[in-house]
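So the structure is just underneath, and the comments pick up after that.
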Ligand code: SF4
Ligand code: SF4
């Protein structure tokens, strides 16, 4: 035979031998570096009482599962079918029309058929059929059913940690099947066996212990806010004393902890401090409820509930009237879509009313929680804030709709309204990539781990591709957003695909343009870089 | 007919063939979708691959310098560098372009001219490998930078690390 031709080495060799009918035959999954998250550490699982706590290495053949693991999963499916009507319906009604197939950013960016939402769901559905439907029991494989074995379990793990629960697929499904909900349940099932990821279980344990993902302790949080106030004083000449754990304050402010330590979230955090100071708002930070994000949501609904409840506990303890949330994505979805199911309407807080404008936030009647973008947009609408937009003139801005707040909650206009009021240059990305059709950053739902950078880059490719378009066409150099995971995930994404585009929260832009009472002439922006026109020659 | 004229005459044919061959390096079930080459925003792999192949073929027809090939090569390799490919599979699409040209022209073209052209195209494979390395290194840099972004500010504020002050440099 001799040597092969080069094209023989590459063409068709990467096929995972995936003829259309035999997707079940493509096991086992190959775990390649860059594409799978590290397994959870035993200590983190143990701390919150998750089952089967032990260190777990994905590439080890033995996942150290309990003897009766199969029974646990099947029982787990049974309980969830009974408990969640949606899950039961989603398992049964998919007609495999394919409308969702090409809508997932992971499929679009990888070309891996198992990232088609329909096939992702089918991975679990096939197991469901085997144990819970007569056709599956009788016809087995011909009825689209398969046994649950270790290889199948590993495949479930691999692909359900390749879904960011963004819900883009559900937008296109004529039956409203929400693959994100299927992923949520699948992860719960995996969690019953201790099959979690390090990046999710670490923050969960930290949050449970200290109140936030990184494990920032109260005194550190206090000092961190003070460091920010020092910088603010250098920039504006105004000294701010942030209220912390203040009993009887009117509003409790909670933001994702990424804003407290990570670049560029910190600038957004400075923005909150400046805005509240300027308004003279009667509010407080809490060192106990110091995390708006909820990684518990990526493990099980019970865990999400346990982490979430501390925010309300703290609101009760401090005796505030309502809660204001910082710029976060999934925090918002948890608050508005799950809270009432878990706890029922809150009865110890008041319906949120802006103390500045008198606006009643009626949509928050039951949860008593308002998003900072709603709050700020209302302030601007009432002409409360004064801006010098030219301070943002070096920025050519586009806006990334974060899946949870936009597609999840329908908040499209507020952030855009704010940006247009504080920046002179704003351009939208193409229609099919924004608002409810927005493309995920590729790192949501606990997938922003460093070890899966390649996976994140390809999952975020459709988003980055649209940014590149406005970067080339309009010179866009800033990607604004209202989500802490975005502020962490989009900078690497831009560095890979569209170098030259930076990332910021919206409140950073607000505070940079906001004219504060008694401020000195500003020379620097919140990042301590010279303002346009103030550069030293 | 000169080989460039021949290339030019069969341009569409070659581009389509090369594009199909490159898309066939992806799993079978996904190819129909990936071949939709006009969906700039909803199928960026297909769109970018097709556009870049077009540019590469046009450059070959125009006898363009190697610099002109960099951008289309980058656009394809940047994508393949983070996909399920080995390094050779990520850059080896050059040989698929060769195959498309060879199989379209070998009956009509002068065999010496064709050999010469084939050998020139090999240089693209070398350049492609450098580009591949560039993007792999970019991934490593990004991983390191992400760690810094997550902690640097806090470390600095706590005086755990310190940077050279610009002012100190100015006074020297
Ligand atoms: S929810 Fe998002 S990530 Fe998950 S399958 Fe649907 S489109 Fe893909
Ligand atoms: S669009 Fe809905 S019904 Fe159609 S394949 Fe997808 S999940 Fe099934």
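Arrange the peptides A:429-436, A:485-492 so that the one whose residues have, on average, the most other Cβ atoms within 10 Å appears first. Before the final figure, lay out the partial values.
On the way: A:429-436: 16.9, A:485-492: 26.9.
So the peptides A:429-436, A:485-492, ranked by packing, come out A:485-492, A:429-436.
I need to check one value: relative contact order of the range A:17-196, counting alpha carbon pairs closer than 8 Å and at least 6 residues apart, in percent.
Working: 218 pairs, mean separation 48.5, N = 180.
Dividing the mean separation by the residue count of the range A:17-196 yields 27 percent.
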Discussion item. I need the P(r) histogram for the range A:369-453: all alpha carbon pairs, bin width 10 Å from 0 out to the longest distance, whole percents.
Written reply: 16, 38, 34, 11, 1
Response to the item:
Distance in Å, no decimals, from the C-alpha centre of the range B:56-94 to the one of the range A:55-98 is 42 Å
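Cβ neighbours within 10 Å, averaged per peptide: list A:144-156, B:57-69 in order, most packed at the top. Could you put the intermediate results ahead of the total?
Working: A:144-156: 18.1, B:57-69: 15.1.
Sorting A:144-156, B:57-69 by mean packing, highest first, produces A:144-156, B:57-69.
When 1/r is averaged over all different Cα pairs and the result inverted, which Kirkwood radius in Å belongs to the range A:52-149? Don't skip to the answer; put the middle values down first.
Numbers: mean 1/r = 0.0653 Å⁻¹.
Evaluated on the range A:52-149, it is 15.3 Å.
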Practice prompt. Quickly work out the residue A:46-to-residue A:517 label distance, labels modelled 7 Å from Cα along the C-beta direction, and quote it in nm with one decimal.
Written response: 5.6 nm
Worksheet item: Helix A:179-191 versus the longest principal axis of chain A: what is the Cα-based angle in degrees, 0 to 90, to the nearest 10?
Response: 70 degrees
Discussion item. Just to be sure I understand the model, the point goes 7 Å from the Cα along the line to the Cβ. What's the resulting residue B:126 to residue B:39 distance in nm?
Written reply: 4.0 nm
Practice prompt. Round to the nearest 10 and give me the degree value, 0 to 90, for the angle of helix B:44-61's Cα axis relative to the longest principal axis of chain B.
Written response: 60 degrees
Fill in: residue A:382-residue A:427 pseudo-label distance in nm [points 7 Å out on the Cα-to-Cβ vector]
3.6 nm
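I'd like to compare B:146-152, A:173-179: which one has the highest average count of other Cβ atoms within 10 Å, and what's the full order after that?
Details: B:146-152: 16.1, A:173-179: 18.0.
Order by mean packing, descending: A:173-179, B:146-152.
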Worksheet item: What residue among B:156, B:35, B:107 shows peak mean-square fluctuation when chain B is described by a Gaussian network model with Cα springs under 10 Å?
Response: B:156
Worksheet item: Using a Gaussian network for chain B with springs between C-alpha atoms less than 10 Å apart, which of these wobbles most: B:28, B:12, B:74?
Response: B:28
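Counting partner chain Cβ atoms within 10 Å of every residue's Cβ in B:71-84, what's the average?
On the way: counts 0, 0, 0, 0, 1, 0, 0, 4, 7, 1, 4, 15, 10, 11.
Partner Cβ neighbours, averaged per residue: 4.
So how much slack lies between residue A:78 and residue A:92, counting 0.36 nm per residue of separation and subtracting their Cα-Cα distance, in nm? Don't skip to the answer; put the middle values down first.
Values: separation 14, 0.36 × 14 = 5.04 nm, distance 1.38 nm.
This chain segment gains 3.7 nm when fully extended.
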Discussion item. Between residue B:12 and residue B:115, what's the calculated FRET efficiency when r is the beta-carbon distance and R0 is 22 Å? Round to 0.05.
Written reply: 0.35
Practice prompt. Could you tell me what percent of the DSSP beta bridges with both partners in the protein assembly as shown are antiparallel, to the nearest 5?
Written response: 20 percent
Response to the item:
Rg from C-alpha atoms of the range A:17-196, normalised by the globular rule of thumb 2.2 N^0.38 Å, equals 1.00
Practice prompt. Treating the angle as unsigned and between 0 and 90°, give the value, to the nearest 10°, between the Cα long axis of helix A:461-474 and the longest Cα principal axis of chain A.
Written response: 40 degrees
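Give the average, rounded to an integer, of partner chain Cβ atoms located within 10 angstrom of each Cβ in A:258-266. If you can, show how the numbers build up before the last one.
Details: counts 1, 0, 2, 8, 7, 9, 2, 3, 4.
Partner Cβ neighbours, averaged per residue: 4.
What area, in nm² and to one decimal, does the C-alpha convex hull of the range B:1-72 cast on average over all directions? Can you show the working numbers first?
Details: hull surface 20.7 nm².
So the mean shadow area of the Cα hull is 5.2 nm².
For peptide B:151-157, what's the mean number of Cβ atoms from other chains within 10 Å of each residue's Cβ? Display every interim value, and only then the final one.
Details: counts 4, 3, 12, 11, 1, 1, 9.
That works out to 6 on average.
Using Cα pairs under 8 angstrom and six or more residues apart, how large is the relative contact order of chain A, in percent? Numbers along the way, then the final one.
Working: 970 pairs, mean separation 84.8, N = 537.
With pairs under 8 Å counted, the relative contact order is 16 percent.
In units of 2.2 N^0.38 Å, what is the alpha-carbon radius of gyration of the protein assembly as shown? Kindly include the intermediate steps, with their values, before the conclusion.
Numbers: Rg = 27.1 Å, N = 709, 2.2 N^0.38 = 26.6 Å.
Compared with the compact-globule rule of thumb, the protein assembly as shown sits at 1.02.
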Discussion item. Principal axis extents for the range A:180-330, Cα atoms only, whole Å, descending order, please.
Written reply: 54, 32, 27
Discussion item. How large are Rg and Dmax for the range A:203-513 when calculated on the C-alpha trace, in angstrom?
Written reply: 18.3, 52
Fill in: Percentage relative contact order, the range B:3-135, counting C-alpha pairs under 8 Å, at least six apart
30 percent
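What value, in deg cm²/dmol to 500, does the helix sum -39500 (n - 2.57) over DSSP H runs of n ≥ 4 give at 222 nm once divided by the residues of the protein assembly as shown? Before the final figure, lay out each step's value.
Numbers: 32 runs with 363 residues, N = 709.
Per the formula, -15500 deg cm²/dmol.
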Fill in: Debye intensity ratio I(q)/I(0), log10, chain B, q values 0.09, 0.11, 0.16 Å⁻¹ (C-alpha model)
-0.43, -0.57, -0.94
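Computed from the coordinates by the stated procedures, all read-outs in this text should not be read as laboratory data. All of these numbers come straight from a predicted model, not from anything done at the bench. Please note: Cβ atoms are built from the backbone with ideal geometry, for glycine as well, and neighbour counts cover all protein chains shown.
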